[in-house]
Amino acid sequence: MDAGNKDNFLPESHTIIMDGTESAAEIKPDLEKLRAYKQAKLALAGQLRILREALTSLGRERGEQQCAELMVKIAEDQFTLAVVGQFKRGKSSLMNAIIGREILPTGLLPITSAITVLKYGPTERLVVDRGDSILSRELPVSSLPDYVTEKGNPGNEKKVKSVCVELPLPFLRYGIEFVDTPGVGSAITANTLTTYDFLPKCDVVLFVTSVDTPIASLELSFLKEVQEYVDRIFFVVNKIDLLADNERNEVLAFIVETIGSHIGNNALKVFPVSARVGIIAKTSGDPDLYEQSGLKALENALGSFLSEEKSTAFLAAVASKTLRVLDEEAGQDVIGESALQARARAIQKEKSVTVKRDPYAAATAIKNAQAKLETLYKSVLNGQTTDMEDTAAIIVPSAGGENAATTIATSIVNISTDLKIRGCPVCQHIAKYASDFFAHWQYQISIEEQAQDKFAAELGFCPLHTWQLLALSSPHGASVGYARLVEQIAIRLKEKIGNTTGDKVQRLVRNSRNCRICELIRIAEEEYIQRLSEMISEPAGRSQYIRSQGICLRHLGLLMNTVSQSEVLNFLIYHAAQRFEEDAEDMRSYAMKHEAIRRALQNRNEKDAYLRAIIRIVGDQSVCMPWAGDGEI
C-alpha cells in the first residue's frame, strides 16, 4: 500500500504504520539518564521494601508475597513484553517472525494452558516448570511442542505450569522477557484463565488481532481487562496478506475505529503485519519483502520504545502494580482491636516497646509509602525520572524531641538485684539500655523512612556505637539502614568542594560529644547513679552494697560526686579498696594453683578475679567511652 494513500480512509486522529520509514533510534549510553533511572529504581525498591516489611508485620501473607515478587522484578530489571489476543490470531507466528526463527509451535490446534517465556541465555535451552514438581527440567528447544501443544500435551496432562526458552538473541539481552500467552476464547477454558491470571505481571503488551474475523466482542472485553493492568499497548493487525489492498484498507479502518472508540483513545496507532510473510522475508534475507510485511515498521517502533521508553514504562508498571497491592489490602483494617489491646497491655506492664511487630509503626509505614509511591508513579508518567534522586536521598531533620519510633522505654530499675552481679551494675544497666536501643533501631531504619532520614541527618553514631549496631545487623539490614547516611555524606562532601579543610572533613565523623547513643547512655548513666546514691544514703542500702562487688572506678567517681556525707564517701572508698585487695589475692592464688597443676582447687572467685578487677578499673568492654577530658574519639 502506498504511504500517501493511507490517510484517505482513516480519521485524522488515527495512524496506521506500514511504511517503516522511521528507523529505530541508535542506542547510545547516556550516563546521566542511566543514573537517574537507577536512582528512580532504587527509590521504588525502597518503598517496596518498606511495604513488604509492614505487611509482614501485620501478617498479610498475600500482600507480602506480591511485594516480594515485585522486588525480584526490580532486582532482575525484568521487563515483561507479552503477546496477547484471541485464539488463532497468529500470536506465536508473530513472535517467530520477530525473532526470525520458527521456534514456537503454530497450527490449527491451540496451545495448552501454559505460559511460554523467551528470555536471554548464552546457549539455547528449554526449561519446563511443572506444577507437580519443585524441580525444573532442562531439555533441547526442539522438544517445546511436546509440552505446549494439544498434540504433545493434550489437556495439559503433563501439568506444565510454564516453559522458558533461553536464546542468545540481542533483542532479549537487556532484561526482556518476550512472552507468548494462550489465546483467549478457545474451547480450552484453562487457556483463557491462564492468560487473565498472567495480565498483572505484564509491563507492555502486543495486542494481536487479525483481518480474517475483524475485532470480535470477546476481544474488546479482553482488551478492557488488559487496560486494567497495562498502560502501554501496541496494537497489531495480523494476516494482512489474506486480503487485497482495497479490502485491507476497509478492514483496517474498521478495526482502528472500533478499538479507538472502545478504549477512548483518539491517537491510536495500529501496525498491520503479515507474520507469515515476515518470517519468509527474514529467513530469505529479502529487505523489500521484509518492509512489505509490515514487520519492519513494528520492529522499528519496538526498538525505539525499548531504547527510549522502556525504563519509564518499567518503573511505571511496577509502581502501578504496587499501588494495586495497596488497594487490595485497603479493604482490611490495618490495625485490629486485638493489636491495640496487646500494645496497651505491654505499656501497662512497662515493657520495652522494642517489639518488631508494632501495628502502629506498620500502619504509618504503609501510609507514608503509599504517598511516596503515588508521587513516584506520577513523576514517572510525566517523564520526570531525573527528580527521583532527590526523592531517594532527601534528608528531613526530625522535629524536636524523641518519639516512640526512635526511643525505647526504660525498664524498672532494681538496684538490689543488680548489685548481685559479678561486674559493674551501672555498666550492665547502660549496656542493656544500649542493647535495647540497638535492637529497636536496627529494625526501625530497615522499615521507616523517617528513621533513615533522622539517622542520615545526624550522620550516624560514633565509631564505637556504629560497630555495636553493625554487630546486631545483617548485611541486608546494614545496606538498607545506612544507604541514606552514605548518600548524605556524599552530599556534604560535594558541598565542601573548593572550600574545606581536613578538620571540616573529620567533623563528618561523630564522636562521644555528638553521638546520640553516647548522649542517651550518659542520661541513663546519670539517672542510675542518682538512684544508687539515694539508696546508699540509707544504712539499709549500704548494707546491701557492702555485700556486692561494687562498681567500676569511673562510676565510683560519678557516684561520689553525688554524695555529700563524709561517712558515705569513706564507706565507698573503703569498700572499693577492699575489693581490689581481694581481687589481687584471688589472682595470685589462681596463678599459683595453675602453675602447681592444681587447677581443681581453683574457686570461682579466683577464676574470674582478673576479669572483675579489669572491669572495676576500666568498666565493661561493651560500654567503654572516652572520659570527658580525653577529647574526641
Listed by chain and number, the lysines with an alpha carbon less than 18 angstrom from that of K224, same-chain partners under 8 positions apart left out, are K201, K269, K321
Cross-link partners among lysines for K420, C-alpha distance below 28 Å, same-chain residues fewer than 8 apart left out? K349, K351, K432, K593, K607
Linear extension gain, S143 paired with V72, 0.36 nm per residue minus alpha-carbon span: 22.7 nm
State which entries of K73/K310; K239/K296; K41/K496 exceed 21 angstrom in Cα-Cα distance in the structure shown. K41/K496
Dipole axis of the range 547-630 (+1 Lys, Arg; -1 Asp, Glu on Cβ), positive-most option in A577, I597, S564: I597
Expected sort for 596-609, 201-214, 252-265 on mean C-beta neighbours within 10 Å, highest first, is 201-214, 252-265, 596-609
Per-peptide average of other Cβ atoms within 10 Å, ordering 566-572, 97-103 highest first: 97-103, 566-572
Once both labels are modelled 7 Å past Cα along the beta-carbon direction, what's the K432-D197 spacing in nm? 5.3
A student asked for the Cα radius of gyration and Dmax of the range 547-630 in angstrom ought to give 15.5, 49
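The numbers here are math on the coordinates, done by the rules we state, and not lab data. Predicted model only: the values in this text are computed from it and were never measured. Every residue, glycine among them, receives a Cβ derived from its backbone with ideal geometry; neighbour counts consider all protein chains shown.
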